[in-house]
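Taking it in order: structure first as structure tokens, then the write-up.
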Amino acid sequence: VVAPAFKLPDLAGWKPLPKPKPRKGKGPKTTVVCGDQHAPHHDKTLHRLFCQFLEEEQPDGIEVNGDLLDFADISRHRQMPTSGPAGEYPFTNTVNECLQAAFNILHDYRLAAPDAVIRLKFGNHDMRLYHALVDNLKGLYNITAAGEDVPALSLRKLLRLDELHVELIEKDWEKATTRVNRRLTALHGYSTAKNPGEKMLTELTGSTLQGHSHRLSLNYRTSHDPDDGTETRLAGECGCMCEIAEGLGYATAPNWNQGFM
């Protein structure tokens, strides 16, 4: 097996970014949860409008909730060639093309919201890079450059996350959760059932926002306890930021909904 030729994203015109300034004062905080960009197949109009929204609202936090990258070229399920007649395989892109597009997305987020805490978690598509290494080149999984401690083939390194001041949640995509506040958590998601919200409300405690399903929904459930009184929890699907037409090459006329929360 030949190792793919990984290349760090191009930094043409790059200027070092200042560190985000800590938020001052008390009061409510605003967090934006987005995901399923599937770069380089993110919807370009939605991306532009989303960055405009970030610039206007200046949220305290941005949760990039998984599947930032598509990585079709190293999928176990689709091994289409990357060459052929123009437009024949529009959803097969090289790893480097995915990395560059994902870096550009995060860079735009950071420029739009320079002081936001940005956290990135894995989705099942992002994990394709790590699965490909473990399955085919296990000895290179944690390889590091001399004098460095960040694995050279990690998304932290390949997406230049330290330079973008983006925190990577390095947990398996099905287990990685982040806490938005005391009662609300975000995870990439593990269900694409007809109503993932009902499933989350049954299986998980508190309130939860998930991606993965590429749909938008909110479900609520109120419980009644004789000692603790009533409690209302919510479970939400956060939509997707990718192109919907042609279903990324694996879904026909999908019932996907673009959006974020």
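The values are calculated or read from the model by the stated rules, or taken from the named source; none is laboratory data. Everything numeric here is computed off the predicted structure, so don't read it as measured data. Cβ sites come from the backbone with ideal geometry, for glycine too, and all protein chains shown count toward neighbours. When the accessible area is computed, the model is the full protein with side chains, heavy atoms only, and any ligands, DNA or RNA have been set aside. Shrake-Rupley method; radii C 1.70, N 1.55, O 1.52, S 1.80 Å.
The table for this structure:
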| quantity | calculated |
| --- | --- |
| Filter result (open to solvent by less than 60 Å² (accessible area, probe 1.4 Å) and either assigned to a loop (DSSP other than H, G, I, E, B) or under 24 Å from PHE53 (Cα atoms) (or both)) within region 244-260 | ILE244, ALA251, PRO254, TRP256, ASN257, GLY259 |
| Residues of region 138-155 classified as within 14 Å of MET127 (Cβ to Cβ) and open to solvent by 60 Å² or more (accessible area, probe 1.4 Å), total | 1 |
| Tally of residues being among the charged types (D, E, K, R), buried (at least 19 other Cβ atoms within 10 Å of the Cβ) and assigned to a loop (DSSP other than H, G, I, E, B) across region 222-243 | 1 |
| Members of region 25-50 that are touching a residue at least 12 places away in the same chain (Cβ under 8 Å) and open to solvent by 70 Å² or more (accessible area, probe 1.4 Å) | LYS29, THR30 |
